[in-house]
1. Pick from Lys110, Lys42: which is of a type in the set (D, E, K, R) and in contact (Cβ under 8 Å) with a residue 40 or more places away in the chain?
2. Conditions first: (1) touching a helix residue (DSSP H, G or I) at 6+ places or on another chain (Cβ under 6 Å); (2) modelled with pLDDT of 90 or more. Thr76 passes all but one, so which condition is the exception?
3. Quick test for you: out of Arg127, Arg118, Arg63, pick the one residue that is within 23 Å of Ser262 (Cβ to Cβ), in contact (Cβ under 8 Å) with a residue 24 or more places away in the chain and among the charged types (D, E, K, R).
4. Going by the structure shown, is Tyr137 in contact (Cβ under 8 Å) with a residue 24 or more places away in the chain, of a type in the set (Phe, Trp, Tyr), surrounded by 12 or more Cβ atoms within 10 Å (Cβ to Cβ) and within 24 Å of Leu55 (Cβ to Cβ)?
5. Select from the range 220-245 the residues that are closer than 19 Å to Asn129 by Cα and at pLDDT 85 or above and list them in ascending order.
6. Within the range 160-210, restricting attention to residues that are part of a helix (DSSP H, G or I) and among the polar types (S, T, N, Q), which residue is surrounded by the fewest Cβ atoms within 10 Å (Cβ to Cβ)?
Amino acid sequence: MTEKRRKLLTTTFKFLVSALLLYFIFTKIELTDVVQVLATAKPQWLVLALLLFVLSKVLNAFRLNLFFHTIAAPLTQVSNLKLYLLGMFYNLFLPGGIGGDAYKGYIIRKKFQTGTKRVVAVLLLDRLNGMLFIMIYALLLVGFLPHPLLHPWKGIILAIIPLGIFVFWWITKKGFGYTLPVFWKACGYSAALQGLQLLSVLCIMRSLSIEDQIVGYLFIFMISSIVSVIPLTIGGIGSREVTFLYGAKWLGLAADTAVGISFVFFLITALVSLFGIGYHFKKPVLETS
């Protein structure tokens, strides 16, 4: 199979999965109900949500640059931000072509002559570091959920947090010791950026006049962030909404409101990612510090 045909099939598959998931969602809830929820959005809170999301992505790029520096790829923060924004554009708008991470890895390896294994390793560690703190925030939110099935397990669930951090630190030390000097700083970036994304979602909920069961919606958002990483859909569209739909039903929340939150967050992500299109036509010049 040629590379061009493979990319076309990948794109087609992702579009089909996203379309099927969205179709399934709207067999469970009325589209008009979701539209009515979105129509009530207060723009000032959406602007704040957008700004918080942008700031979270800046910290995300800073975290990745920490890992680049450990493999002798000392990008300036400005160059790294440009490359990161281009990667966001590729991830969302060119899903069947070269992915954002693959492109960043290719450019870094080509410019700095770093080994392929190390480039792949730091890209993976950057993602795993982020996933670790998504799970940590999700586990912390569990402590505030009133669901009766969770009460007997809350102590054990919270105990998983320090264990998870230790296990990830140990894996980093044993397998990727050259990145250990930036481990805790990367964790700090992850904690901050995930906190900013939670605040962004809080602003989205405020814009939609959601005042009850806040923790439940935030918990579902964190779980949906994990699910959306699975590369089966276009930018997580469909998979995130399905997670919100079933999470809302499990926690007794309004399903149409939950899906509305998900749609708004996706639109914010798409808007920010679209700004990377300029670097698609004029590739950023990478400068070193």
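The values are calculated or read from the model by the stated rules, or taken from the named source; none is laboratory data. For clarity, every value in this text was computed on a predicted model and none was experimentally measured. Every residue, glycine as well, gets a Cβ built from its backbone with ideal geometry; the counts of neighbours run over all protein chains shown.
1. The unique qualifying residue is Lys42.
2. Going through the list (1) touching a helix residue (DSSP H, G or I) at 6+ places or on another chain (Cβ under 6 Å); (2) modelled with pLDDT of 90 or more, Thr76 breaks only (1).
3. Testing whether each residue is within 23 Å of Ser262 (Cβ to Cβ), in contact (Cβ under 8 Å) with a residue 24 or more places away in the chain and among the charged types (D, E, K, R) leaves just Arg127.
4. Spelling it out, Tyr137 is indeed in contact (Cβ under 8 Å) with a residue 24 or more places away in the chain, of a type in the set (Phe, Trp, Tyr), surrounded by 12 or more Cβ atoms within 10 Å (Cβ to Cβ) and within 24 Å of Leu55 (Cβ to Cβ).
5. Correct list: Phe221, Met222, Ile223, Ser224, Ser225, Ile226.
6. By that ranking, first place goes to Thr172.
Residue-wise test of (1) modelled with pLDDT under 85; (2) touching a helix residue (DSSP H, G or I) at 6+ places or on another chain (Cβ under 6 Å).
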| position | (1), (2) |
| --- | --- |
| Phe24 | yes, no |
| Leu31 | yes, no |
| Val37 | yes, yes |
| Ser56 | no, yes |
| Leu59 | no, yes |
| Phe67 | no, yes |
| Leu85 | no, no |
| Met88 | no, yes |
